[in-house]
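The values are calculated or read from the model by the stated rules, or taken from the named source; none is laboratory data. Note that the coordinates shown come from a computational prediction; the quantities given were computed from them, not determined experimentally. Every residue, glycine among them, receives a Cβ derived from its backbone with ideal geometry; neighbour counts consider all protein chains shown.
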């Protein structure tokens with residue numbers, strides 16, 4: 001599976017309208033295979049809605065294709081089975097299930113009805129490996145709800161690993177993490193991107209500078225700027241709205257609050 | 001002393017009937033937040049299944065054993081059809097679900113009237129279940145007797161609880177049901193076909209109503225409106241026990257049964273009912289979320 005070439009995401013004229021308000025207003029994005037693309041922008045820029053649209057959780061018009069296959073109009077679980085994995089803003093795991101059960105659910109999506117009634121005894125290799133990767137092997141029988149915030153977010157990533165997702169859409173993976181946890185997540189990200197395409201929504205500029213290969217800036221449902229970290233930081237439009245130099249960032253943050 | 005025990009056992013057996021009825025509701029209402037007013041009519045369908053099976057198989061014992069799985073399938077299939085045709089489109093609209101399923105309940109009652117006639121029908125209980133066991137004799141005629149049919153219902157209820165608990169805990173299907181209950185979006189994004197899981201859950205929940213219907217033929221009349229009469233109590237059990245909490249359902253079913261039976265003895269049936277309702281109102285003021293809670297996608 002790791003020998004397979006990673007594939008790219010191609011979004012054309014994507015629109016999501018809520019009650020007349022265009023949360024995503026005609027977005028074109030290309031993420032080439034193997035890229036680590038960060039999407040940034042002020043609150044309400046439409047970043048999460050974009051991910052929701054690509055994964056089928058909200059209705060959208062336009063086109064979003066991965067590896068040549070159109071995603072819009074498919075059911076959420078079909079999109080997932082095409083190799084699109086996502087995490088949620090609020091460390092979403094199944095809190096009342098154990099770590100192992102969480103991973104098991106993500107791993108066994110193609111099982112038939114009859115095997116669903118049979119209890120499986122051993123832990124599949126992919127699950128064991130994912131648990132090792134995210135450092136939760138010793139916590140496998142703990143309820144996910146009792147994990148620390150950072151661990152929950154790693155568990156989410158682990159679930160994407162066992163799903164064998166080719167395109168990872170991570171919604172604020174380091175929000176609320178300590179510096180150590182951020183570093184670990186960054187390493188995890190580097191490893192993930194070796195044979196996958198990764199899209200990260202993030203507010204943390206330091207994290208972005210260290211791990212982003214390319215950056216897309218969104219503002220009010222549209223693309224404001226796109227390019228490498230340096231290019232985007234040099235973009236005057238971006239500096240105006242948000243980001244960039246320490247001055248501009250702090251001003252933008254003040255305005256946001 | 002005998003009296004206390006016999007009232008206690010009456011309470012347990014009322015509780016067992018309640019439990020059996022509430023178990024299916026606990027799945028569809030508790031876990032999926034769908035208020036299915038037609039659940040009582042699925043119970044009725046289970047009871048009429050016994051009647052129909054007895055027209056074909058005359059041996060009361062055999063027909064009862066055959067009726068159990070058949071009733072499960074009949075009621076389960078009705079649940080799936082209802083879910084597929086109506087409820088599926090109304091998941092985010094609790095009030096509409098309530099009205100629509102109530103309409104379905106009325107239609108099903110009328111159907112039963114058209115097919116089986118308005119008067120109650122009779123079924124025969126197997127000989128084994130008509131007698132009673134003497135737990136102990138006090139010698140002065142106040143023997144503690146327990147009806148076999150009540151023991152059968154208690155066993156059936158406990159078996160159903162055990163099967164459901166094990167199913168939800170141990171099997172991958174059960175795990176998926178719990179996953180969908182806990183976080184629908186995440187479940188879908190993890191590749192679970194949530195629609196199919198919903199339908200399975202509804203099948204099992206409605207099927208359990210069918211089993212409850214079979215059990216009810218042993219202790220009460222079978223008629224078109226039998227479902228309506230008992231479903232309110234079952235809703236109360238689920239609400240008081242805590243939405244989506246099997247353990248709460250079990251405890252509250254027996255507690256309500258006991259209370260009903262003990263108060264009933266010292267007063268009358270109506271007064272007992274009033275007191276039970278008042279207690280529930282007071283309890284829910286104190287703990288609106290019910291005895292146990294689970295964070296689920298919210299109904300309100």
Check: Looking at residue A:91, is it touching a helix residue (DSSP H, G or I) at 6+ places or on another chain (Cβ under 6 Å), modelled with pLDDT under 85 and more than 9 Å from every other protein chain (Cβ to nearest Cβ)?
Finding: yes
Next item on the list: Determine if the range A:141-155 includes at least one residue that is at pLDDT below 85, over 30 Å from residue A:67 (Cβ atoms), loosely packed, with under 13 Cβ neighbours inside 10 Å and within 14 Å of chain B (Cβ to nearest Cβ).
Entry: no
Item checked: Filtered residue count, the range A:68-79, keeping only those that are touching a strand residue (DSSP E or B) at 6+ places or on another chain (Cβ under 8 Å) and either buried (at least 17 other Cβ atoms within 10 Å of the Cβ) or within 25 Å of residue B:174 (Cβ to Cβ) (or both) -> 2
Next item on the list: Run residue B:145 past the list (1) outside any strand (DSSP E or B); (2) surrounded by fewer than 19 Cβ atoms within 10 Å (Cβ to Cβ); (3) more than 14 Å from every other protein chain (Cβ to nearest Cβ) and report the number of the one that doesn't hold.
Entry: (1)
Item checked: Of residues in the range B:172-196 being in a helix (DSSP H, G or I), closer than 16 Å to residue A:145 by Cα and at the interface with chain A (Cβ under 8 Å from one of its Cβ atoms), the one modelled with the lowest pLDDT -> B:182
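What number of residues within the range A:72-99 are assigned to a loop (DSSP other than H, G, I, E, B) and within 16 Å of the chain's Cα centre (by Cα)?
9
Would you list the helices (runs of 4 or more DSSP H) that sit entirely within the range B:50-140 and hold 3 or more residues that are at pLDDT 90 or above and under 30 Å from residue B:32 (Cβ atoms)?
Values: elements: B:60-85, B:94-116, B:127-130.
The helices (runs of 4 or more DSSP H) meeting that bar are B:60-85, B:94-116.
What residue, of B:106, B:151, B:159, B:111, is more than 14 Å from chain A (Cβ to nearest Cβ) and under 29 Å from residue B:3 (Cβ atoms)?
Working: B:106 fails: under 29 Å from residue B:3 (Cβ atoms); B:159 fails: under 29 Å from residue B:3 (Cβ atoms); B:111 fails: under 29 Å from residue B:3 (Cβ atoms).
Exactly one of B:106, B:151, B:159, B:111 is more than 14 Å from chain A (Cβ to nearest Cβ) and under 29 Å from residue B:3 (Cβ atoms), namely B:151.
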